[in-house]
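Worksheet: the structure to be examined is printed underneath.
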Amino acid sequence: MPMFLRKIKHSLYIGLMKFFAGLGPGASHRAFVGTGSSAELCRHILRTGASKLLIVTDRPLRELGVVDKATSALQGSGIDIAWYDGVLPDPTYDQVAAGAAVARAQGSDAILAIGGGSSIDAAKIIAASATSDESPRDWVGFGKVKHEVLKLYVIPTTSGTGSEATMGAVISEPETHLKGVISGATLLPVATALDPDLMLGLPPHITAATGMDALTHAIEAYIGVWERGTRLDDARISVKLVFEHLAAAYHDGANREARAGMAMGAYYGGLAINQVNVGSVHAIAHQLGGKYGIPHGLANALVLPHVLEFCHEEAAPRLAELARLVGLGEPGDTDSQLAHRFIQAVRDLRTEVGIPDHSEKLQRGDFDAIADKAIAEGDGYPVPRLLDKASVMAMLGRIAC
């Protein structure tokens, strides 16, 4: 399709997104913050009268004792607890079905997700599947989960996806690894706990990848073309917190202040994308994750500077604002100069936290198909500039070198 027709189609699609978003139901959400907040959330769950709680997590977190620490306030409460700890990175529909079966068998009236974005995303669709006979595959898209779902509470143990603050979940096909995004107000967790104590032992490489994921969310929300809600304020807070705390959390995993800052940075990034969605970085990164199994945060980190260079001209004013926010630039610098300074700062931060600028997993023979899929996905996001085939191919080439 010619670019001018794609631009018209994109404009109409974004207009429809704005219209239907305005018609959607409101959703309440609260956050407990700081050391001990996981216990506060657990006590809150008990106060709501929940009697049968399904805990969704992954097996390593249970074996490390993180889940026991997060749920210590539930011990001795008399609440009936069931477990599903089969979540793996990039959760699949099979995992969702297994978790939903446990919820139905228990008669769960609430779910508590503990873990990274994979556990939280899986729990969202388990909460919806437990109360419906429909196939989750039919919910891919926006606003298709219309029935009442189980109440969902979440305790993130990483600082990246922001899934604790969003109404979206990414679920993969078990065979093809094709990712589907299911989104709607009914999937927004009713409450979360941002407890830095649960993140103190996070390995440096996970700290780095998830932190760059949070930064990607904030930047894409900030430079997008959908003016909505508090997305600019939320994104600014997120960017500033990540630049202030990611390197410290990476170099010293026991730094509680840095962990708390990153927890809030990821949360605000989630708030921002929950209002306006993501952008072209995710459009490409999703394909790299699905094709090569590259972790999502790492894929975003690989792609982010290249996409920012690609849309530099269109996004220069906003990128310049972010440059000033993190203390870059000299008096008299133009927006273009400041934008380039910010992009370089993103690269420098990526290097500081040990993330390379390329991946040996990429195969040039796959680029054509990856580019087509990325362009198709990107056309559904409120981006400042639509991707084109030649540019995506060039970006992939630079990442593969």
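The values are calculated or read from the model by the stated rules, or taken from the named source; none is laboratory data. Small disclaimer: the values here were computed from a predicted structure and weren't measured. Neighbour counts run over all protein chains shown; Cβ positions are idealised from the backbone, glycine included.
Restricting to the stretch 377-390, and then to whatever is touching a residue at least 60 places away in the same chain (Cβ under 8 Å) and part of a helix (DSSP H, G or I), can you tell me which residue is nearest to Glu313 (Cα to Cα)? So that I can check it myself, show each step before the final result.
Of all residues in the stretch 377-390, those touching a residue at least 60 places away in the same chain (Cβ under 8 Å) come to 377-388.
Within this subset, residues satisfying the condition of being part of a helix (DSSP H, G or I) are 377-378.
Values: Glu377: 22, Gly378: 18 Å.
If we take residues in the stretch 377-390 being touching a residue at least 60 places away in the same chain (Cβ under 8 Å) and part of a helix (DSSP H, G or I), then Gly378 is nearest to Glu313 (Cα to Cα).
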Hey, among Ala122, Ala101, which residue is under 20 Å from Pro174 (Cα atoms) and in contact with a Pro (Cβ under 6 Å, 6 or more places away or on another chain)? Ala122
Could you check the stretch 320-332 and list, in sequence order, the residues that are out of contact with any Phe, Trp or Tyr (no Cβ under 6 Å at 6 or more places or on another chain) and in a helix (DSSP H, G or I)? Ala320, Glu321, Arg324, Leu325
Tell me which strands (runs of 3 or more DSSP E) are completely within the stretch 1-106 and hold 3 or more residues being closer than 21 Å to Ile125 by Cα and at pLDDT 95 or above, or say none if there are none. 52-56, 80-84
Given the structure, is Gly261 in contact with a strand residue (DSSP E or B) (Cβ under 6 Å, 6 or more places away or on another chain) and surrounded by fewer than 24 Cβ atoms within 10 Å (Cβ to Cβ)? no
Of everything in the stretch 270-319, what is within 22 Å of Leu88 (Cα to Cα), more than 16 Å from the chain's Cα centre (by Cα) and in a helix (DSSP H, G or I)? Give them in sequence order. Lys291, Tyr292
Looking at the stretch 84-92, is at least one residue touching a residue at least 60 places away in the same chain (Cβ under 8 Å), within 20 Å of Leu198 (Cα to Cα) and crowded, with 16+ Cβ neighbours inside 10 Å? no
Lone qualifier among Gly354, Gly365 - being out of contact with any helix residue (DSSP H, G or I) (no Cβ under 9 Å at 6 or more places or on another chain), assigned by TED's automatic domain parsing to the domain that holds Gln287 and over 26 Å from Gly224 (Cβ atoms): Gly365
The correct count of residues that are surrounded by 24 or more Cβ atoms within 10 Å (Cβ to Cβ) and either among the small types (Gly, Ala, Ser) or farther than 17 Å from Tyr153 by Cα (or both) in the stretch 101-117 is 6
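Taking the conditions exactly as written (part of a helix (DSSP H, G or I), buried (at least 19 other Cβ atoms within 10 Å of the Cβ) and among the basic types (Lys, Arg)), does Arg341 satisfy them or not? Spell out how you get there, then give the answer.
Values: part of a helix (DSSP H, G or I): yes; buried (at least 19 other Cβ atoms within 10 Å of the Cβ): yes; among the basic types (Lys, Arg): yes.
Considered against the rule, which asks whether it is part of a helix (DSSP H, G or I), buried (at least 19 other Cβ atoms within 10 Å of the Cβ) and among the basic types (Lys, Arg), Arg341 comes out as yes.
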Index of the failed condition, Ala103 passing every other in (1) on the phi > 0 side of the Ramachandran plot; (2) in contact with a strand residue (DSSP E or B) (Cβ under 6 Å, 6 or more places away or on another chain): (1)
Please go through the stretch 349-372 and pick out each residue that is under 20 Å from Asp388 (Cβ atoms) and in contact (Cβ under 8 Å) with a residue 60 or more places away in the chain. Leu362, Asp366, Ile370
Number of the condition not met by Leu241 [criteria: (1) in contact with a Phe, Trp or Tyr (Cβ under 8 Å, 6 or more places away or on another chain); (2) buried (at least 24 other Cβ atoms within 10 Å of the Cβ); (3) within 28 Å of Ala130 (Cβ to Cβ)]: (3)
